[in-house]
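> Got a structure for you, written out below as structure tokens; questions coming shortly.
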């Protein structure tokens with residue numbers, strides 16, 4: 001661990017890439033990067049400097065628009081950034097990274113009923129602190145809508161316009177793009193073109209051109225189908241956008257991701273059933289995310305943290321991967337003394353019984369399975385630091 005400056009205070013942080021060395025019940029525990037799509041990106045697309053506490057992010061999509069140039073995203077980047085060439089963050093990977101950093105992938109029974117958009121927004125903004133892209137602070141370009149309130153409408157609108165105006169193009173200079181993260185309310189045709197309506201921004205839709213709209217239905221058919229058939233799911237959007245001369249925000253590139261009621265990202269119906277089962281059974285776990293990995297790459301859906309000293313991998317074997325030696329593959333990344341992965345072969349069996357809860361060996365007296373481990377607040381120079389997980 002080390003002490004890092006964050007805004008006007010100090011916090012205790014993990015040394016880079018050491019979260020897996022902590023006990024699974026420790027608030028600083030993180031699964032090994034190899035459990036998700038994070039592994040190939042650490043040290044190349046994601047470079048953390050312990051001396052400064054700043055993390056540099058390499059993106060595979062532009063954050064500026066040259067004057068007189070029409071930005072035409074590649075077909076791959078308009079999908080889920082799975083066409084990213086190796087060691088850069090696509091749009092989906094950046095969303096997954098911020099979700100991980102905000103610890104919105106973590107779930108404990110005590111979080112039930114406490115995670116809403118205000119919580120999600122606050123944690124995402126905190127996660128974006130001390131992150132840079134193209135040498136500039138990520139927060140300067142990041143727009144995450146405030147919780148909308150009729151009483152606060154005018155103030156919210158003023159703050160939004162003030163932030164968006166930094167994308168106004170000066171003659172002869174590149175136009176800076178903004179990065180949007182929000183929940184989709186509607187995607188529909190307009191009198192001329194198409195629009196995306198974001199929840200908590202009811203008074204201003206985002207323009208979408210015809211080409212990007214066509215790619216949406218082709219590249220995100222699974223996410224849109226999940227969202228369209230379940231009232232309980234959220235549809236997350238991450239996008240770059242600019243202000244047109246008319247003052248209308250226009251989306252340049254876009255990626256979509258479905259999430260459960262608890263804001264836990266999911267890929268398909270099987271994963272939705274698994275995550276809902278874990279939440280309903282009051283299990284503690286960390287959701288594993290794909291980042292740049294293609295859908296054909298098998299990876300854990302979640303890692304249980306209430307099964308003793310070692311994490312328990314939960315793997316969904318879909319029809320396209322049936323016949324693969326999944327247990328052998330995952331033993332290569334699972335702890336040597338850890339349990340074999342739990343595997344659900346969706347094509348020929350119902351969901352197997354989940355591994356049983358087991359008390360952590362490092363649990364303090366009186367601690368119960370599923371209960372958050374108490375943390376103490378440490379003060380440096382009179383400024384109280386934040387625990388690794390301060391709220392859901």
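> Do you know which residues across the stretch 171-198 are in a loop (DSSP other than H, G, I, E, B) and buried (at least 17 other Cβ atoms within 10 Å of the Cβ)?
177
> Among the residues of the stretch 17-56, which ones are surrounded by 20 or more Cβ atoms within 10 Å (Cβ to Cβ) and in a loop (DSSP other than H, G, I, E, B)?
24, 25, 29, 30, 31, 36, 37, 38, 45
> Would you pick out the residues in the stretch 1-12 that are surrounded by 16 or more Cβ atoms within 10 Å (Cβ to Cβ) and modelled with pLDDT of 80 or more?
Correct list: 10, 12.
> Could I ask something else about it? Could you look through the stretch 279-317, keep only residues that are free of Cβ contacts under 8 Å to residues at least 60 places away in the same chain and within 14 Å of residue 268 (Cα to Cα), and pick out the one that is surrounded by the most Cβ atoms within 10 Å (Cβ to Cβ)?
That would be 302.
> For residue 146, indicate whether it is within 26 Å of residue 203 (Cβ to Cβ) and in contact with a helix residue (DSSP H, G or I) (Cβ under 9 Å, 6 or more places away or on another chain). If you could, list the steps in order and put the result at the bottom.
Values: within 26 Å of residue 203 (Cβ to Cβ): yes; in contact with a helix residue (DSSP H, G or I) (Cβ under 9 Å, 6 or more places away or on another chain): yes.
It is true that residue 146 is within 26 Å of residue 203 (Cβ to Cβ) and in contact with a helix residue (DSSP H, G or I) (Cβ under 9 Å, 6 or more places away or on another chain).
Residues checked against (1) more than 21 Å from residue 208 (Cβ to Cβ); (2) at pLDDT 95 or above; (3) surrounded by fewer than 14 Cβ atoms within 10 Å (Cβ to Cβ):
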site	(1), (2), (3)
76	no, no, no
102	yes, yes, no
116	yes, yes, yes
130	yes, no, no
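> Hey, any hits in the stretch 60-68 for a residue that's under 18 Å from residue 100 (Cα atoms) and modelled with pLDDT of 80 or more?
no
> Ok, one more. Testing residue 147 on (1) surrounded by fewer than 16 Cβ atoms within 10 Å (Cβ to Cβ); (2) at pLDDT below 95, one condition comes back false. Which one is that?
For residue 147, the failing item is (2).
The values are calculated or read from the model by the stated rules, or taken from the named source; none is laboratory data. Note that the coordinates shown come from a computational prediction; the quantities given were computed from them, not determined experimentally. Don't worry about glycine lacking a Cβ; one is built from the backbone with ideal geometry, like all the others, and counts go over all protein chains shown.
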